[in-house]
Amino acid sequence: MTNLADSLTKTADILKQSKFTMAFTGAGISVESGIPPFRGEHGLWNKYNQQVLDLGYFLNNPAHCWIYIRGIFYDFFADAKPNDAHRMLAKMESSKLLNAVVTQNIDNLHYQAGSETVYEFHGNSKKLKCLKCGHVYDARDIDFENIPPKCINDGEVLKPDFIFFGEGIPPDAYADSFAAAEKAEVCIIVGSTGEVTPASYVPRTAKQAGATIIEINPEKTIFTSAITDIHLKGKATEVLNQLGELLF
Ligand code: NAD
């Protein structure tokens, strides 16, 4: 059995050789920033009803949904900061060792860490959108004391600009993510169960197109036995910091 140190050395060599490397990140990369995942023992869905993020329910009950949406995304998540894992991916990008990040996360932390090529597969909670006129607002400009927040143009209720259950993937993010997967020589999966589709098809597409799949996660996932070539078992910050020592 190979140990973590051997696997890290092998990974660093593979990354140095790769001409196109992408990362695919899930809720796990932000756990060490204090944002819990949706699933699992401490997952948000043990505490909240998923219905508040169902598009049909939201459209009929915006005031009720906004009480929970504000609590989860604008009170609780608001002060989360990028951690060493987000920062290491940004450093890899600026050093030409990483070409793109496809993230399922909606927390904006990759951008805050300095990553530039980020495809947000599920949107971003830091923006709000009017479903009638399409006007986009920065969450920092919204008065969350008065919910539901409304559009200044037409008085319509604003919706966070991440996808709710029942909504499609933003077309540009979808196209860019799969285009990256098609040309990736290496795909690093960080902190994703692989249970959410169609997002989980992104690393699967990379694998089918010939990429080496590196997985960083303290647990085994659906990906591990199906597509992973090297499982770096551990927390995102610890593993990426160790990898960084071999890369820089
Ligand atoms: P998930 O919640 O299904 O799974 C999280 C994964 O992270 C698990 O495999 C877990 O073992 C792993 N993990 C936990 N701690 C970790 C750590 N310190 N380092 C590395 N990995 C760790 O997440 P998912 O598969 O990404 O799917 C949930 C969906 O919910 C996503 O699509 C995402 O959009 C959304 N979500 C986003 C946020 C966010 O924006 N931060 C938070 C919760 C959920």
Margin query: For the condition open to solvent by 80 Å² or more (accessible area, probe 1.4 Å) and of a type outside the set (Val, Ile, Thr), what is the one hit in Asn83, Asn108, Asn60, Asn99?
Written below: Asn60
Margin query: Take the conditions more than 19 Å from the chain's Cα centre (by Cα) and either assigned by TED's automatic domain parsing to the domain that holds Leu59 or among the hydrophobic types (A, V, I, L, M, F, W, C) (or both) and apply them to Lys129. Does it pass?
Written below: yes
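Check region 186-196 and report whether any residue there is touching an Asp or Glu at 6+ places or on another chain (Cβ under 6 Å) and under 19 Å from Leu131 (Cβ atoms).
no
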Checklist line | Failed condition for Ala12, given (1) in the same structural domain as Asn217 (by TED's automatic domain parsing); (2) within 13 Å of the ligand (Cβ to nearest atom) | finding: (2)
Next item on the list: Could you look through region 18-37, keep only residues that are over 9 Å from the mean Cα position of the chain (by Cα) and open to solvent by less than 20 Å² (accessible area, probe 1.4 Å), and pick out the one that is nearest to Leu247 (Cα to Cα)?
Entry: Thr21
Check: Out of (1) touching a residue at least 12 places away in the same chain (Cβ under 8 Å); (2) surrounded by fewer than 16 Cβ atoms within 10 Å (Cβ to Cβ); (3) in the same structural domain as Gln50 (by TED's automatic domain parsing), what's the single condition that is false for Thr117?
Finding: (3)
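Do any helices (runs of 4 or more DSSP H) lying entirely in region 1-74 carry at least 1 residues that are of a type in the set (Val, Ile, Thr), and which ones are they? Spell out how you get there, then give the answer.
Values: elements: 4-17, 55-60, 62-69.
Answer list for region 1-74: 4-17, 62-69.
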Notebook entry, point to check: Does at least one position in region 109-128 carry a residue that is under 25 Å from Glu182 (Cβ atoms), among the hydroxyl-bearing types (Ser, Thr, Tyr) and assigned to a loop (DSSP other than H, G, I, E, B)?
Noted result: yes
Next item on the list: With the condition kept exactly as written, say whether any residue in region 25-39 is free of Cβ contacts under 8 Å to residues at least 24 places away in the same chain and more than 10 Å from the ligand (Cβ to nearest atom).
Entry: no
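Does Glu156 qualify as being away from the ligand (no atom under 16 Å from the Cβ), surrounded by fewer than 19 Cβ atoms within 10 Å (Cβ to Cβ) and under 30 Å from Ala12 (Cβ atoms)?
Values: away from the ligand (no atom under 16 Å from the Cβ): yes; surrounded by fewer than 19 Cβ atoms within 10 Å (Cβ to Cβ): yes; under 30 Å from Ala12 (Cβ atoms): no.
Answer is no for this residue.
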Checklist line | Residue that is farthest from the chain's Cα centre (by Cα) [pool: residues in region 158-172 that are outside any helix (DSSP H, G or I) and charged (D, E, K, R)] | finding: Lys159
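The values are calculated or read from the model by the stated rules, or taken from the named source; none is laboratory data. Model, not experiment: these values are computed from the prediction. Every residue, glycine among them, receives a Cβ derived from its backbone with ideal geometry; neighbour counts consider all protein chains shown. Surface accessibility is based on the protein's heavy atoms, side chains included, excluding ligands, DNA and RNA. Shrake-Rupley method; radii C 1.70, N 1.55, O 1.52, S 1.80 Å.
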